[in-house]
Amino acid sequence: MSWKKNVRLVEPYVAGEQPSDPQIIKLNTNECPYPPAPGVARAAQTLAEESARLRLYPDMNAAPLEEALCLRYGLSRDQIFVGNGSDDVLAMCFLTFFNGEEPIRFPDITYSFYDVWASLYRIPYETAPLTPDFRLRPEDYLPEQAGRRFGGIIFPNPNAPTGVEESQETIERIVAGNPDCVVIVDEAYVDFGAQSALPLIRKYENLLVVQTFSKSRAMAGMRIGYAMGSPALIRFLKDVKFSFNSYTINLPSILLGTEAVRDEAYFQEITGRIVSEREKFQENLRRMGFEFPESKANFVFARHPDIAGEQLFAALRERRICVRHWNRPRIGDYLRITIGTPEQMEAVTRALEEIVRGV
Ligand SMILES: *Cc1c(COP(=O)(O)O)cnc(C)c1O
């Protein structure tokens, strides 16, 4: 029993369910409904034939992948950091940049991993409430107006799980107003029609922009994420990574991820399809009386004024449709529904029509 007093106690993050029943329409974890770019399958085939390459450690900086990303985003190698999914990148960022005495700050409704990492690393944190229409209040993130200093700031844009995009003016105000702490913008969903804060990294040394292959590049199973920022930030991030695990990205991820980045046309095609499907789905939801903030992500966060969230979730589940629901203050009546294929969205629309009519 005595060893237990030495254990790091944490309340772990709960990821969305991965149901084993293949009949289930899975719209609960914001994955892409389409396969990755065709070059990815070819690279996997080539690697299968050259499996002897797996004998060796991979490049510590994931060189070909970093280079492909630099080319795509107009960066130099000292402005990019690649990790094992953006969860790995973000966890490394918390460890590297959020070491102050002051609490870090993020919204009350946001990606539910932030408070888990903060607790894991014993980083004090405070949340700032979003407005009733789920917008961020910039003054909550400006030391002079909030009347306090921050050990760091993080928020997704578009936000999760709301899908709301904040303007570049809001983001620049927050970054410019916090030269004494690092501001991380988690852009997991930026490729579905939102504007990226990336151009600002040249102007502000304290800004880090984090993106992922899991949603818009259809590679959640491959685990690739990356951070873009000033050479100073990237150097500190690499120092911490190389003090923790030199090889966070495996060889298949490096090779397959590189191919995904190189196929810009395919990327535009699948993200475009998801955006137009989202617009259509939002129209259908509105027609059925659902309420939701305008989404710029690959999901919609919606509630029906006459039906409790739990009830909606269970009724969809009975019809073998899996969406995400949180039993939490302020959002308990909302469902987060991932945008899937046209067939999947037709099925969920039909199911919702049935449920709404049945009340
Ligand atoms: C999905 C998601 C991530 C994590 O993505 P991975 O790259 O798969 O680890 C990070 N932040 C937000 C807001 C997300 O929704």
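Residues of segment 198-221 that are hydrophobic (A, V, I, L, M, F, W, C), touching a residue at least 40 places away in the same chain (Cβ under 8 Å) and within 14 Å of the ligand (Cβ to nearest atom): LEU208, VAL210, PHE213, ALA218, MET219, ALA220. Being under 30 Å from ALA68 (Cβ atoms), at pLDDT 95 or above and part of a helix (DSSP H, G or I) is a condition met by at least one residue of segment 278-298. Checking each residue in segment 324-359 for being of a type in the set (A, V, I, L, M, F, W, C), surrounded by fewer than 21 Cβ atoms within 10 Å (Cβ to Cβ) and within 30 Å of PHE113 (Cβ to Cβ) picks out TRP326, ILE331, ALA347, ALA351.
Selection of segment 153-180 for residues being open to solvent by less than 10 Å² (accessible area, probe 1.4 Å) and away from the ligand (no atom under 16 Å from the Cβ) yields ILE174, VAL175, ASN178. Here GLY147 passes the criteria (1) away from the ligand (no atom under 16 Å from the Cβ); (2) open to solvent by 30 Å² or more (accessible area, probe 1.4 Å); (3) on the phi < 0 side of the Ramachandran plot except the one numbered (3).
Contact map, segment 295-311: residues that are in contact (Cβ under 8 Å) with a residue 12 or more places away in the chain paired with residues that are among the acidic types (Asp, Glu), Cβ distance under 7 Å, separation 6+ or inter-chain. Pairs shown: LYS296/GLU165; ALA302/GLU291; ARG303/GLU291; ARG303/ASP333; PRO305/GLU291; ALA308/ASP333; GLY309/ASP333. Of the numbered criteria (1) near the ligand (Cβ under 10 Å from one of its atoms); (2) among the aromatic types (Phe, Trp, Tyr); (3) touching a Lys or Arg at 6+ places or on another chain (Cβ under 8 Å), the one PHE192 fails is (1). So which residues in segment 26-42 are within 11 Å of ALA218 (Cβ to Cβ) and part of a helix (DSSP H, G or I)? If the condition is that a residue be within 11 Å of ALA218 (Cβ to Cβ) and part of a helix (DSSP H, G or I), then VAL40 is the only one that fits. Taken together, the criteria place ASP186 among residues that are within 16 Å of the ligand (Cβ to nearest atom), buried (at least 22 other Cβ atoms within 10 Å of the Cβ), acidic (Asp, Glu) and touching a residue at least 24 places away in the same chain (Cβ under 8 Å).
The values are calculated or read from the model by the stated rules, or taken from the named source; none is laboratory data. Keep in mind it's a predicted model, so treat the numbers as computed, not measured. A quick note on method: Cβ atoms are made from the backbone with ideal geometry, for glycine too, and the neighbour counts reach across all protein chains shown. Surface accessibility is based on the protein's heavy atoms, side chains included, excluding ligands, DNA and RNA. Shrake-Rupley method; radii C 1.70, N 1.55, O 1.52, S 1.80 Å.
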